[in-house]
Structures are given as structure tokens and as C-alpha cells.
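Shown next, in C-alpha cells, is the structure this report addresses.
Derivation of every value follows stated rules applied to the coordinates shown; laboratory data play no part. Note that the structure is a prediction, hence the values are computed from the model and not measured. Quick reminder, even Gly has a Cβ in these numbers, built from the backbone with ideal geometry, and neighbours come from all protein chains shown.
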Amino acid sequence: MLVRMNPSKKVTLGTVRERKVRREKIAMLTCYDCPTARIMSEAGVDTILVGDTYAEVVLGHETTLPATMDRMIEVCQAVRRGAPEAFLIGDMPYLSYQASDTEAIHNAGRFMAEGGCDAVKVEVDRRHVDTVTAMVRATIPVVAHLGLKPQSVHVIGGYKSQHRSCDAAMQLVEEAKMMEQAGAIMLLLEAVPSEVAREITRRTELAVIGCASGPYCDGTVVVLHDMLGYSAGHPPKSIKRYANLHETLLTAFSTYKKEILAGEFPLEAHSLSMPAEERTRFEQRLRTSPDTTPP
């Protein structure tokens, strides 16, 4: 049964926190354009991440690193127009917060003021506690992204699962607590073993969103193109596909080309026509006008 949203019911941080308390799962998706956001809203998906994966799945880059502030802000604006009631999270791109706390606050503020976001997401570990604290002090709601950090892809040597050893898992549990104490409003765990994700979720009052991190988090986020079978980026092996848009679009594009070449589209039925009176006048005018067609 399709659950339709009440367009006047704005989803807030309070809404997300209530879902944690009620143990109601949170369904989050990435989104990169206004029409898709409208469909998500209609389907009841009211927690949306404008991810820097935009650089991969839409622009065709090999990593998320080429995402820029200006482009991410523009995408956030588009998604906000499509889903005005959603809890919208903007993903801060590479080097938009790492250089200094001042720059982090300024760029995060742009997501809030210009992009219409309700929060920003930053890829962090224990080295970023002071940055998160400074951003929170500046009234920026921060979602702390732990585990696999795609912006560090060149440091870690690729898109590899993290924290599978006991020591690394304990480090992540500690860092999650650090982020909560620093004032983060939510945690996002990417490619974290399910046992570790379950323990972090159990130990914190914050809503914990998993990305390829098992069933025990308070919610799950997946990249839109991965769940739609719209091949791009680096989809995790564990992703469940809910559609196969690659095949659907391939069939549509192939059929379109075939019909164009065969003269089957467009037909007169697909064309505009002049009103009868104007067509008569047009034909008369043509008969009295010199033919200016080049030889």
C-alpha cells in the first residue's frame, strides 16, 4: 500500500529523534534532482541525502572528490524544491571543511542558508572532534559519517570495508561516542560490520543510519542509482536492487532510434496543426510570395 505524505507536515530533527525512541526504522535515499525528489515525497521517503556521490553517478567521475560546493548547493536547492517537507541533509564535499574550522562553518552555513538543508554530513574520525564541536557551536546540525570514508579513498587504497578487526571496531565505537559528545545530531556508518553497527546503535541516543552496515541501525541509506540498477559509481555487493532502469532505459532508447529511422515517429498524430482559417491564409500567402528556396 502506497503511503502518501502530508505536504504540510515538515520532517524535523525532532521527527527523526522520535523515530529512534519508537524504534521506527528510517528510510533514507540519496537524491540529485527535483523530479526524483517529488516522486520520493509521494512515496513517503521523507529523509533525503544529497550525497557527493553525485560526482560519480551523475557526472561520471571515478570518485566523489570532484564534487564542488557550488554544484552541491545547486543540487540541494533542486531537491528541496521537489521535497519541501523532507529532512534534507547536504553532503559537504572534499576540502570544504578539512582546512579550518572557520571554512567548515562558512561552507556548512551555505548548505543551510542557500541549499535549504536541515543538516550537513561530514566524513570524520577522532581528528575532527574539534571541527564538529565548532560547527555545532555555530548552530550547524552535523551528521557524523564514520566507517568507510570515500573522500579518503586515496589514503585507504580504494573502497574497502573498514573496522573488521577487534581493535579497529573498538576505535570506531569510541569515535561514535566522541561525535555524540561533540554535539553531532546523527551518525552515518558506511561499510561497518553489522556487529559493530549494532553496538554503536545500542550505545547512543542519536539516530544511526547504516550504509551497507547491516540490519541493526535505526535506518538505512542507499545510493539512488544503486537501488535502481542504473549502473554508475561503486555499488556495494550487498545492495538490493528494486528496479533495473539500465535495461528499461536501454530498451526505450533503442526503440526510439528504431522508430525514428523507420519513419514511425513522429507521425501527423504527434504534430501540431494550424487552425483551418490560418492554414488557408498561409497557403494563399505562399501562392503569391516568390519562391526564395536556394537553387
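Taking amide hydrogens as modeled 1.01 Å from N in the peptide plane, which residues meet the under 5 Å criterion relative to residue 188, leaving out close sequence neighbours?
When sequence neighbours closer than 5 places are left aside, the close amide H contacts are 144, 145, 146, 209.
Mean separation of Cα pairs under 8 Å and 6+ residues apart, divided by the residue count of the stretch 160-236: what relative contact order is that in percent? Write out the running numbers ahead of the final one.
Working: 95 pairs, mean separation 17.8, N = 77.
Computed over the stretch 160-236, the figure is 23 percent.
Which of 88, 77, 171 sits farthest toward the positive end of the charge dipole of the stretch 13-243, with +1 on the Cβ of Lys and Arg and -1 on the Cβ of Asp and Glu?
171
Under a point spin-label approximation (7 Å from Cα along Cα-to-Cβ), what is the residue 61-residue 81 distance to one decimal in nm?
2.3
Note the angle between two axes, namely the Cα long axis of helix 245-261 and the longest principal axis of the Cα atoms of the chain, as a number of degrees from 0 to 90, rounded to the nearest 10.
So the helix axis and the longest Cα principal axis differ by about 10 degrees.
Of 150, 68, 220, which is farthest on the positive side of the dipole of the stretch 13-243, counting Cα position, with +1 on Lys and Arg Cβ, -1 on Asp and Glu Cβ, and the Cα centre as origin?
Result: 220, furthest along the dipole toward the positive end.
Can you tell me how much longer the chain between residue 171 and residue 243 gets when fully stretched, taken as 0.36 nm per residue apart minus their C-alpha distance, in nm with one decimal?
Numbers: separation 72, 0.36 × 72 = 25.92 nm, distance 3.71 nm.
Taking 0.36 nm per residue and subtracting the Cα distance, the gain is 22.2 nm.
Could you list which residues have their amide H under 5 Å from that of residue 119, counting only those 5 or more apart in sequence or on another chain, with H placed in the peptide plane?
Amide H neighbours of residue 119: 88, 90.
Over the Cα atoms of the stretch 13-243, how large are the radius of gyration and the largest Cα-Cα distance (Dmax), in Å?
In Å, with Rg to one decimal and Dmax whole: 16.0, 45.
Pairing the Cα long axis of helix 194-203 with the longest principal axis of the chain, what angle in degrees results, from 0 to 90 and rounded to the nearest 10?
Result, in degrees: 70.
Could you tell me how far the Cα centroid of the stretch 70-89 sits from the Cα centroid of the stretch 121-138, in Å?
22
Find the relative contact order for the chain and round it to a whole percent, using C-alpha pairs within less than 8 Å whose residues are 6+ positions apart. Can you show the working numbers first?
Details: 499 pairs, mean separation 43.9, N = 295.
Relative contact order here is 15 percent.
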